[in-house]
Amino acid sequence: GAGVSQSPRYKVAKRGQDVALRCDPISGHVSLFWYQQALGQGPEFLTYFQNEAQLDKSGLPSDRFFAERPEGSVSTLKIQRTQQEDSAVYLCASSLGIAGSTDTQYFGPGTRLTVL
Amino acid sequence: GENVEQHPSTLSVQEGDSAVIKCTYSDSASNYFPWYKQELGKRPQLIIDIRSNVGEKKDQRIAVTLNKTAKHFSLHITETQPEDSAVYFCAANPATGANSKLTFGKGITLSVRP
């Protein structure tokens, strides 16, 4: 079946521009996560949704970062006034969301953001 | 918060040999420990995971062992093949309960020499 998809796969932005990154989770997955992966590092948690509710945004590095999942399916991560330090791969992951246990997270291919 | 460390940072083995990658974690409440494989430019893919109610899990050439007392877990790959070459990440959930975020280690680059 279809896995997690993300678009665009690559994005080049000039410093100060706003960008929007899209994530399509696996159909029926309740939970959705955003991670940031810097070059040569492991993914770092940004934010988590259960259906349309954003339950944890403790990893968002600044108020320039905003995420939404208005209908509990597709999610968008928006970065305002991009800075060079925002350059990274942004990974989306989804999981079933079965209560009582930590589910397997399935990752998308990521969006590589380069800020010039 | 949870801290996950991996060592070594790089590992090179001869094809057919075994590889062992170790991870330590800091939060004794963690109860889920996945391993992901990431090839260059590709998405992380789950290869095996273990929960805290078992000490070992095996899937063909891959096994994971967990030592809760020492707070470390290890990935074992036997009969390595060139296609096993990739970056391997361990992770732990820093809180129990449903759908916890994952804290990842920095990754280990495994090279299998043909």
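Every number in this text was worked out from the coordinates using simple rules, so none of it is lab data. Quick caveat, the model's predicted, so the values are computed rather than measured. Neighbour counts run over all protein chains shown; Cβ positions are idealised from the backbone, glycine included.
Evaluate E = 1/(1 + (r/R0)^6) for A:Asp18 and A:Lys57, where r is the Cβ-Cβ distance and R0 equals 25 Å; express this FRET efficiency to the nearest 0.05.
Efficiency, from the Cβ-Cβ distance: 0.85.
Sort A:Phe66, B:Phe89 by Cβ crowding within 10 Å, fewest neighbours at the top.
Fewest-to-most Cβ neighbours within 10 Å comes out as A:Phe66, B:Phe89.
Mind computing the radius of gyration and Dmax over the alpha-carbon atoms of the protein assembly as shown? Å is fine for both.
Reported Rg and Dmax, both Å: 17.6, 51.
For the residues B:Thr80, B:Thr10, what sequence is obtained by ranking on other C-beta atoms within 10 Å, fewest first? Could you put the intermediate results ahead of the total?
Numbers: B:Thr80 21, B:Thr10 10.
Final ranking by Cβ density, sparse to dense: B:Thr10, B:Thr80.
Pull up the cross-link candidates among the aspartates and glutamates for B:Lys106, meaning alpha carbon to alpha carbon under 19 Å and not fewer than 8 places away within one chain.
A:Glu44, A:Glu85, A:Asp86, B:Glu2, B:Glu5, B:Asp27, B:Glu39, B:Asp49, B:Asp84
Taking 0.36 nm per residue of sequence separation and subtracting the Cα-Cα distance, how much length would be gained by fully extending the chain between A:Ser87 and A:Thr114, in nm to one decimal?
Length difference between fully extended and current span is 9.2 nm.
How many nm separate the modelled label positions at B:Glu56 and B:Lys71, each set 7 Å beyond the Cα in the direction of the Cβ?
Output for this residue pair reads 2.5 nm.
By the scheme Lys and Arg +1, Asp and Glu -1, what is the net charge of all other residues having a beta-carbon under 13 Å from that of B:Gly1?
Neighbour charge sum, excluding B:Gly1 itself: -3.
Calculated FRET efficiency, A:Ala38 and B:Lys22, Cβ-Cβ r, R0 22 Å, to nearest 0.05? Intermediate values should be presented prior to the final figure.
Values: r = 23 Å, r/R0 = 1.04.
My answer for the efficiency is 0.45.
Can you give the average number of partner chain beta-carbon atoms within 10 Å of each beta-carbon in peptide A:27-39, as a whole number?
Numbers: counts 0, 0, 1, 2, 4, 1, 4, 1, 4, 0, 5, 0, 0.
What the average comes to for A:27-39 is 2.
Across peptide A:80-93, what mean number of C-beta atoms from other chains lies inside 10 Å of a residue's C-beta?
1
If you take each beta carbon of peptide B:38-49 and count the beta carbons of other chains within 10 angstrom, what is the mean?
The shielding value for this peptide is 4.
When N counts the residues of chain A, how does its alpha-carbon radius of gyration compare numerically with 2.2 N^0.38 Å, as a ratio?
For chain A, the normalised Cα radius of gyration is 1.01.
On the Cα set of the stretch B:32-101, report Rg and Dmax in Å, please.
12.8, 38
Anything over 20 Å Cα to Cα? Flag those among A:Lys11/A:Lys78; B:Lys37/B:Lys58; A:Lys57/B:Lys42, in the order listed. It would help to have the intermediate numbers written out before the result.
On the way: A:Lys11/A:Lys78 13 Å; B:Lys37/B:Lys58 16 Å; A:Lys57/B:Lys42 25 Å.
Among A:Lys11/A:Lys78; B:Lys37/B:Lys58; A:Lys57/B:Lys42, the Cα-Cα distance tops 20 Å for A:Lys57/B:Lys42.
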